[in-house]
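Enquirer: Handing you this structure, nothing more for now.
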Amino acid sequence: MPLVDSFGRVHTNLRISVTDRCNIRCFYCMPDENIRFKPRSELLTFEELARLASVAAGLGINKLRLTGGEPLVRAGLHQLVRVLAAIPGVEDIALTTNGILLAEQAQALRDAGLQRLNISLDGLSEATFQRIARREGLQRVIDGIFAARRAGFERIRLNAVAIRGITEPEIVPLAGFAREHGFELRFIEFMPLDAEQHWQSEQVLSGEEIRRLLEAAFGELIPADRPDPSQPATDYDFADGVGRIGFINPVTQSFCGDCNRLRVTAEGQIRNCLFSIEEWDARALLRGGASDEQIAALLHASVGAKKAGHGINSDEFLRPARAMYQIGG
Ligand code: SAM
Ligand code: SF4
């Protein structure tokens, strides 16, 4: 039985958070200090994650994305990739990373079967990096990006969270860098998932505004084909044919109508939306001797309860108790 919600959306995509820990402290995601990370014993083991993924694959999940926190701080991540890649029905495994530890791990991940990489890069100046990440590290990220290319990753996507007052001077240099080196670049609108709860709608630099700034610098952007309607980004090609740019606009242009994503937090809670306030406890089942059928029923229950959309812009919007690093972006 495929995972179809009450709005007919078929779920084929599972985002797996492997840790809530991180080696930097982006202000739009984590607190700077006094963080209470989950003890190791509460995180799903690789065996538990593989079992969950395999039950999900039996229900039609064919794409997996590993995320966190920072997934590369979880020791031996390539071993998990290898196990997930062998699950029948899993066609695609991707990873979202901040890139700091990528230079050391890119080859092992590639050899284990990782197919695609999204690397977060919010700007090209160390000052912007430190303002956002509250730690040093831009050069390590850049080194990680090129190490990934040398390791054989063909499609590398760079993701930049766009924040008014910070991102504007980075837009054209980021696009130039992506065009020069053949990386796809996507701008993501700042969502109300920061741990310190400072988000304000005025800080959202919309995809539309960025598109206009890019057109002023590079000429017309031409809408690209949209082979997969569930993809969150709206993509454009540069008029000279060099490069592609995407906009993920969850705040100003919600794409919930085509959502096919389900999430599991590092400690095994199933979430049917980034913004859901309800969770389904897969860890209790995995550790309590449950059958595959019981785990499948839990996934169905979560998908069945999915709402039509996140409602960020509605007066009734309630922020989830968890911040981005505790959910898995
Ligand atoms: N640590 C990895 C990284 O930064 O790529 C993976 C986890 S991170 C939570 C996943 C993605 O979510 C990153 O691209 C990050 O920039 C983005 N993100 C985090 N907080 C966000 C927020 N409040 N609004 C929009 N995107 C956010
Ligand atoms: Fe860490 Fe990624 Fe969150 Fe930044 S966005 S603090 S890199 S988990």
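The values are calculated or read from the model by the stated rules, or taken from the named source; none is laboratory data. Small disclaimer: the values here were computed from a predicted structure and weren't measured. Glycine also receives a Cβ, built like all others from the backbone with ideal geometry; neighbour counts cover every protein chain displayed. These area figures cover heavy atoms from the full protein model, side chains too; ligands, DNA and RNA do not enter into them. Shrake-Rupley method; radii C 1.70, N 1.55, O 1.52, S 1.80 Å.
Enquirer: Scan region 15-29 and tell me whether some residue there is touching a residue at least 24 places away in the same chain (Cβ under 8 Å), away from ligand 2 (no atom under 12 Å from the Cβ), surrounded by 17 or more Cβ atoms within 10 Å (Cβ to Cβ) and at negative phi.
Expert: Yes.
Enquirer: Suppose we filter GLY311, GLY243 for residues that are open to solvent by less than 60 Å² (accessible area, probe 1.4 Å), closer than 24 Å to ARG164 by Cβ and not β-branched (Val, Ile, Thr); which single one remains?
Expert: Testing whether each residue is open to solvent by less than 60 Å² (accessible area, probe 1.4 Å), closer than 24 Å to ARG164 by Cβ and not β-branched (Val, Ile, Thr) leaves just GLY311.
Enquirer: Within the group ASP258, ASP281, ASP237, which residue is in contact (Cβ under 8 Å) with a residue 12 or more places away in the chain, open to solvent by 50 Å² or more (accessible area, probe 1.4 Å), charged (D, E, K, R) and in contact with a strand residue (DSSP E or B) (Cβ under 7 Å, 6 or more places away or on another chain)?
Expert: ASP281
Enquirer: Checking the structure you have, find out if any residue of region 1-22 is under 19 Å from the mean Cα position of the chain (by Cα), away from ligand 1 (no atom under 16 Å from the Cβ) and of a type in the set (Ser, Thr, Tyr).
Expert: Checking region 1-22: at least one residue is under 19 Å from the mean Cα position of the chain (by Cα), away from ligand 1 (no atom under 16 Å from the Cβ) and of a type in the set (Ser, Thr, Tyr).
Enquirer: On to the next question. Taking the conditions exactly as written (more than 24 Å from GLY68 (Cβ to Cβ), in contact with a helix residue (DSSP H, G or I) (Cβ under 8 Å, 6 or more places away or on another chain) and among the polar types (S, T, N, Q)), does GLN253 satisfy them or not?
Expert: Against the criterion (more than 24 Å from GLY68 (Cβ to Cβ), in contact with a helix residue (DSSP H, G or I) (Cβ under 8 Å, 6 or more places away or on another chain) and among the polar types (S, T, N, Q)), GLN253 qualifies.
Enquirer: I'd like to know if region 76-89 contains one or more residues that are open to solvent by less than 50 Å² (accessible area, probe 1.4 Å), under 14 Å from the mean Cα position of the chain (by Cα) and at positive phi.
Expert: no
Enquirer: Quick one: how many residues across region 51-67 are open to solvent by 10 Å² or more (accessible area, probe 1.4 Å), closer than 18 Å to LEU274 by Cβ and either within 16 Å of ligand 2 (Cβ to nearest atom) or not in a strand (DSSP E or B) (or both)?
Expert: 1
Enquirer: Would you point out the residue of region 159-184, among those that are within 16 Å of ligand 2 (Cβ to nearest atom) and β-branched (Val, Ile, Thr), that is nearest to ARG212 (Cα to Cα)?
Expert: Only one residue fits best here, namely THR167.
Enquirer: Among the residues of region 30-50, what is the count of those that are crowded, with 21+ Cβ neighbours inside 10 Å, more than 16 Å from ligand 2 (Cβ to nearest atom) and part of a loop (DSSP other than H, G, I, E, B)?
Expert: Number satisfying all stated conditions: 1.
Enquirer: Taking interchain pairs and intrachain pairs at least six residues apart, which have beta carbon atoms under 7 angstrom, with the first residue in region 122-138 and under 13 Å from TYR28 (Cβ atoms) and the second exposed (fewer than 14 other Cβ atoms within 10 Å of the Cβ) and among the charged types (D, E, K, R)?
Expert: Short answer, once both residue conditions are applied: ARG134/ASP32.
Enquirer: Looking only at helices (runs of 4 or more DSSP H) that lie completely in region 216-329, which have at least 3 residues being under 18 Å from the mean Cα position of the chain (by Cα) and within 16 Å of ligand 1 (Cβ to nearest atom)?
Expert: 324-327
Enquirer: Is it true that some residue in region 162-178 is closer than 21 Å to CYS29 by Cα and touching a residue at least 60 places away in the same chain (Cβ under 8 Å)?
Expert: Yes, region 162-178 contains a residue that is closer than 21 Å to CYS29 by Cα and touching a residue at least 60 places away in the same chain (Cβ under 8 Å).
Enquirer: If you check ARG322, ARG263, ARG283, which single one turns out to be under 19 Å from GLY58 (Cα atoms) and within 16 Å of ligand 2 (Cβ to nearest atom)?
Expert: ARG263
Enquirer: Do you know which residues across region 90-108 are surrounded by 23 or more Cβ atoms within 10 Å (Cβ to Cβ) and under 20 Å from SER54 (Cα atoms)?
Expert: ILE93, LEU95
Enquirer: Every residue in region 113-136 that is within 16 Å of ligand 2 (Cβ to nearest atom), within 15 Å of THR97 (Cα to Cα) and aliphatic (A, V, I, L, M), please.
Expert: LEU117, ILE119, LEU121, ALA133 - these are the residues of region 113-136 that are within 16 Å of ligand 2 (Cβ to nearest atom), within 15 Å of THR97 (Cα to Cα) and aliphatic (A, V, I, L, M).
Enquirer: If you scan region 130-153, which residues turn out to be within 14 Å of ligand 1 (Cβ to nearest atom) and under 19 Å from the mean Cα position of the chain (by Cα)?
Expert: The answer is ILE132, ALA133, VAL141, GLY144, ILE145, ALA148.
Enquirer: Do we find a residue being out of contact with any Leu (no Cβ under 6 Å at 6 or more places or on another chain), over 21 Å from ARG186 (Cβ atoms) and within 16 Å of ligand 2 (Cβ to nearest atom) anywhere in region 81-100?
Expert: Among the residues of region 81-100, not one is out of contact with any Leu (no Cβ under 6 Å at 6 or more places or on another chain), over 21 Å from ARG186 (Cβ atoms) and within 16 Å of ligand 2 (Cβ to nearest atom), which makes the answer no.
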